[in-house]
Amino acid sequence: MSSNTSSLVRSRWLGPGELARHVNTSIKALRVYEKAGLLTPDRREGGWRLYGPQHVARLHQILALKALGLSLKQIREALGQDEMAIGRIMELQAQHLAATIRAARDQLQRVQQARDQLEKDGRVSDALLLELARDLAPAPALELADVRAAVQAATLDGGEQAAVEAVIDGRGADLTTEASIRDLLAEAVIAAAEGEPASPRAQALAGRWLALAEALDLPAANSGQAEALRRVAARMMADPTLKDALTFLRDALERRNAP
């Protein structure tokens, strides 16, 4: 948010359209946050929504945590904790931006290396061209239908189906959680190309994966239901749609849990 925008927001109340324009979001997003219990505007006569300085501060917290990969449910829980005061959120936001800057510097270094190769040898090596293409490639379109199809294909008997349905019907398996799984797996597909499960990026993905597992309220490790889910997961590891992402996340989790 620019200094001019910050001064404007502090000086008066804003309607949904004006606030959305200033923070580069949408009115629909503001309504989603309101429906999720994260942002509650003041109401005037006729039901008009108005947002003051306290709402802007709250919106900053929401957007910062969303940028860090948290679901709306996780954001609601985080904002209910004392340690997630705005100072701590800004600290996390700074860490996230620092990681983004490091990644951009690495990409710039590869571009400069390619230019040097081109000037010296008249060509760029195949390996470096692959790295440059990976930097530019968008995240693959991994849809919820792909995830569901992989789960269904890996489920072979009634006991496994019951275990999977128990998780899907659990308290955490809402649309927001499903979208978080899709987005996390899509990021993991890209991260897997780097082949560095111990990297900060991989460890951040592993942390998000653990948070999702907790939200899904998975059964105890020594239960028959958990064993059925492990069999399904093992078969999913061979699915070409998810293999790289799941293998990468497994390796990242092993590094995270290593003593």
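The values are calculated or read from the model by the stated rules, or taken from the named source; none is laboratory data. Quick caveat: nothing in here was measured; it's all calculated off a predicted structure. Here the Cβ is made from the backbone with ideal geometry for all residues, glycine too, and neighbour counts use every protein chain on show. Side chains included, ligands, DNA and RNA excluded: accessible areas come from the protein's heavy atoms. Shrake-Rupley method; radii C 1.70, N 1.55, O 1.52, S 1.80 Å.
Summary of values
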quantity: Per-peptide average of other Cβ atoms within 10 Å, ordering 205-214, 36-45 highest first; calculated: 205-214, 36-45
quantity: Å² per residue, accessible surface of segment 32-76 at 1.4 Å; calculated: 51 Å²
quantity: Pairwise centroid distance, computed over Cα atoms, of segment 223-248 with segment 112-138, Å; calculated: 36 Å
quantity: Residue-by-residue Karplus 3J(HN,Hα) for segment 44-54, coefficients 6.51, -1.76, 1.60, Hz, glycine and proline x; calculated: 10, 4, x, x, 5, 8, 9, 10, x, x, 5
